[in-house]
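The values are calculated or read from the model by the stated rules, or taken from the named source; none is laboratory data. All values derive from a computational prediction rather than experimental measurement. In this analysis, Cβ positions are derived from the backbone assuming ideal geometry, glycine residues included, and neighbour counts consider all displayed protein chains. For accessibility, only protein heavy atoms count, side chains too; no ligands or nucleic acids. Shrake-Rupley method; radii C 1.70, N 1.55, O 1.52, S 1.80 Å.
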Amino acid sequence: MSEEYQVQTVVIGAGVVGLAVARELARRGREVLLLEAGNRFGEGISSRNSEVIHAGIYYPEGTLKARLCVEGRQLLYTYCREHGVGHRQCGKWIVATHEAQLDTLAGLREAAAKNGVALAWRDGGDVARRLPGVRVRAALWSAATGIVDSHGLMVSLLADLEAAGGQLVLQSPVLTADSGAGRHRLEVGGATPCVLVAREVVNAAGLGAPALAARWHGLPPEQRPRQWLARGVYFSYTGRHPFDSLIYPVPEVGGLGVHLTLDLAGQARFGPDVEWIEREDYRVDPARARAFADGIRRWWPALDPGRLQPAYAGIRPKLAGPDGGFFDFRIDGPATHGVPGLVNLFGIESPGLTASLAIARRVGSLLDVAAD
């Protein structure tokens, strides 16, 4: 029979959002246990993204994605400066390659302004002077966009969590959960199975969050969302290139298009594309480089396709399918589902990294209100 332990607060999932949430709750004075099913923290979505600090451009006014991205971006820049986490506010270009995209570009500028994000309009000639070799009709310049060392950020968040008295436990998958009478009973597997009885639980399990909710006794069935998976692959670009800022095309259905990002060492990579899949699969088909090259050449004719090398793939946790349109983050607290002391995080795709500290604050506020 598994041992049973009492704990005040459990956070499930040690990606960047789970780490940020656990840190926030520990700093608010809670006894926090952070459970991770894998062998290391941050192995899922958090290790398979563009590492971009988003400005808050693409999301409808008033949505959680818009508000938490803008708030989170400001918090993240401050956090990185104060904690010595590698980052760079390098800026980003959003480029229109033909006339039909100019109205979309103008619409993006208006939408960004409603979110408090200022974008500068540049015509094709101006872009060509600033980005030699790039050929576009017009572009928007986002000075607030940047890049961050996501692993370094997670290491720092974990150090903060532990300094506040919290603890990370690896290889501890939550198999089932049962909520009732103001308590949550978690069956934990792994090398040393046990049962945890917690007053508060945050389900920040990323891709696994909806599946865990489906096994959550006491959670109303209508509060267990369906999830779709959208894989995006990345290709690195070997050798030298002329860019020191990010370049994005006009957004496409399901994502922001195949874009150029940089790491802190200056290496360029392109991606992600969008491919709807049925189950987790992180393979990168080298043949997809052909479509990447076709898209990139629309704005950078000098691309050498032979220098595109398969890098890695990530999967976006979608709450709507290919034809579903925009969906917002779901941060479901007790007021949403009626279960005291429980917060479920669903559909935390981009800009989840940027918004992580703001998401953590919101979770903390929901639990503080419920505890009063």
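Summary table below
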{"read-out": "Mean residue ellipticity (222 nm) of the chain, computed from DSSP H runs ≥ 4 via -39,500 (n - 2.57), nearest 500", "value": "-8500 deg cm²/dmol"}
{"read-out": "Most to least packed among 299-310, 336-347, 195-206, 89-100 [average Cβ atoms within 10 Å]", "value": "195-206, 336-347, 89-100, 299-310"}
{"read-out": "Carbon + sulfur, % of accessible area of the chain - ligands and nucleic acids excluded, 1.4 Å", "value": "49"}
{"read-out": "Among Ala268, Ala320, Pro310 - extreme Cα towards positive end, dipole of region 267-324, charges at beta-carbon", "value": "Ala268"}
{"read-out": "Point-charge dipole on Cβ atoms (K/R +1, D/E -1) for the chain, about Cα centre, debye to 20", "value": "820"}
{"read-out": "The chain, accessible area per residue, ligands and nucleic acids excluded (1.4 Å, Å²)", "value": "42"}
{"read-out": "Ordering of 47-60, 109-122 by burial proxy (mean other Cβ atoms within 10 Å per residue, highest first)", "value": "47-60, 109-122"}
{"read-out": "Lys/Arg +1, Asp/Glu -1 at C-beta; region 1-151 dipole; positive extreme among Pro132, Val85, Leu102", "value": "Pro132"}
{"read-out": "With DNA, RNA and ligands ignored, accessible area of Cys80 (1.4 Å probe; Å², nearest 10)", "value": "0"}
{"read-out": "Cβ-defined net charge surrounding Ala358, 9 Å radius [Lys, Arg +1; Asp, Glu -1]", "value": "+3"}
{"read-out": "Charge tally in the Cβ shell below 12 Å around Gly182, where Lys, Arg are +1 and Asp, Glu are -1, Gly182 excluded", "value": "+2"}
{"read-out": "Ranked packing of 152-165, 208-221, 285-298, most packed first, by mean Cβ within 10 Å", "value": "152-165, 208-221, 285-298"}
{"read-out": "Euclidean distance of C-alpha centroids, region 287-351 and region 77-142, integer Å", "value": "20"}
{"read-out": "Dipole of the chain [Lys/Arg +1, Asp/Glu -1 at C-beta], most positive-end residue of Tyr234, Thr9, Ala120", "value": "Ala120"}
{"read-out": "Size of charge dipole - region 147-221 - debye, nearest 20, with Cβ of Lys, Arg +1 and Asp, Glu -1, no other charges", "value": "320"}
{"read-out": "Helix 64-83 vs. the chain, principal-axis angle (Cα, 0 to 90°, nearest 10)", "value": "90"}
{"read-out": "Cβ-placed point charges (K, R +1; D, E -1), dipole of region 96-137 about Cα centre in debye, nearest 20", "value": "180"}
